[in-house]
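Inspection log for the structure reproduced underneath, given as structure tokens.
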Amino acid sequence: MFILSIKSKRWNIAMQHFYFVEKPANIRKSMRVVGYTHSLVPSRKLVQSETIHISLRESELSLYLALSEGNRQLLRCAQQEFYQVILYREPSTENLRAFQQFYNQFAKRKRLKGIGKSQMETLLLLNQQGALLLSEVQSICGQTMCYRLDIVHAKKAMSYYEVTCDAAAMAAHLQRPLRYANRFLLWHNLLHLKQQGFVLYDMGELTDDPHVRALKQSFGGEVVNVYSGYITLSKIRARLLGVKKWRK
């Protein structure tokens with residue numbers, strides 16, 4: 001089990017955050033706010049959602065056959081493109097800042113929540129624990145096409161952020177490879193993690209967006225319930241930390 005402890009410098013409120021919990025965690029009494037991301041332990045105090053778990057214990061052939069026919073066709077097309085895949089196994093702060101800037105441009109365009117100060121603080125703390133894998137696909141001319149950021153620990157990985165370049169920012173001859181880039185990178189990373197001995201890949205939350213659900217389900221795997229959110233005894237502390245999903 002991976003434990004990340006965060007202490008707010010602004011309000012001096014100690015918060016402990018747990019990832020991938022499989023059994024009840026031991027919580028320090030000094031922690032006033034406890035956060036969970038994709039816990040497998042059912043709790044009425046946390047928000048239930050769905051994700052997809054892909055077993056990386058399966059053979060490469062089994063993983064490939066679990067893909068949708070559409071994905072297999074796109075991957076065959078992608079193999080004919082001249083992608084450059086960059087894996088940042090120990091991303092620098094500069095790498096993460098570049099990713100943040102790229103993601104926030106995408107988020108602004110899509111009217112999504114960007115990676116702000118608190119989210120970046122979490123990324124930097126995770127990175128200090130060696131728990132991030134940042135990956136990037138570049139075009140043949142070196143232009144970033146997409147990024148993926150995964151949390152990795154104890155032979156388990158979880159999709160945390162993913163972002164693809166705006167098609168309007170790409171030259172005409174790069175439109176086709178851009179179409180395949182994100183799925184190509186995800187498949188590349190699944191095989192990389194498998195080769196590194198990882199046993200499980202969590203695809204991230206299955207949202208209500210039908211396109212997002214269809215994309216994630218097209219890679220096979222099993223739908224499972226997970227529990228996320230924050231537990232605190234103080235409503236004031238929750239508001240100070242900007243915590244929205246919290247319960248006593």
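Using a Gaussian network model of the chain in which every pair of alpha carbons under 10 angstrom is joined by a spring, one finds that among R183, R72, R44 the greatest mean-square fluctuation is at R44. Protection proxy ranking for 140-149, 82-91, using the average of other Cβ atoms within 10 Å per residue and placing the highest first: 140-149, 82-91. About its Cα centre, the chain has a charge dipole of approximately 1500 debye under the convention of +1 per Lys or Arg Cβ and -1 per Asp or Glu Cβ, with nothing else charged. May I ask which residue of Y147, V85, F18 lies farthest towards the positive end of the charge dipole of the chain, with charges of +1 (Lys, Arg) and -1 (Asp, Glu) on Cβ and the Cα centre as origin? Final value for the positive-end residue is F18. Once the Cα atoms are used to define both axes, helix 117-128 deviates from the longest principal axis of the chain by about 80 degrees.
Per 10 Å bin, what percent of the C-alpha pairs of the chain does each bin hold, from zero upward? The percentages, shortest bin first, are 7, 28, 37, 20, 7, 1. According to the Cα-based calculation, Rg over Rh for segment 75-178 is 0.98, with Rh computed by the Kirkwood formula. Treating the angle as unsigned and between 0 and 90°, give the value, to the nearest 10°, between the Cα long axis of helix 175-195 and the longest Cα principal axis of the chain. Roughly 60 degrees between the two axes.
In this structure, the pairs whose alpha-carbon distance is over 18 Å, taken from K45/K156; K156/K194; K23/K45, are K45/K156.
Axis of helix 69-78 versus longest Cα principal axis of the chain: the two differ by about 70°, to the nearest ten degrees.
Only helices enter the 222 nm calculation for the chain: every DSSP H run of n ≥ 4 contributes -39,500 (n - 2.57), and dividing by all residues gives -10000 deg cm²/dmol, rounded to 500. Only protein heavy atoms count here; on that basis, with a 1.4 Å probe, L124 has an accessible area of about 50 Å².
Positive-end ranking of L186, V224, L123 along the dipole of the chain, with charges on Cβ about the Cα centre, is headed by L123. Charging the Cβ of each Asp and Glu at -1 and of each Lys and Arg at +1, and nothing else, the dipole of segment 135-201 about its Cα centre rounds to 260 debye.
Phi angles across segment 164-170 convert, under the Karplus curve 6.51 cos²θ - 1.76 cosθ + 1.60 with θ = phi - 60°, into 3J(HN,Hα) values of 10, 4, 5, 4, 5, 8, 9 Hz, Gly and Pro given as x.
The values are calculated or read from the model by the stated rules, or taken from the named source; none is laboratory data. All figures in this text were calculated on a predicted structure; none of them were measured in a lab. Positions of Cβ are generated from backbone atoms using ideal geometry, with glycine treated the same way; all protein chains shown enter the neighbour counts. Just so you know, the surface numbers come from the protein's heavy atoms only, side chains and all, with ligands and any DNA or RNA stripped out. Shrake-Rupley method; radii C 1.70, N 1.55, O 1.52, S 1.80 Å.
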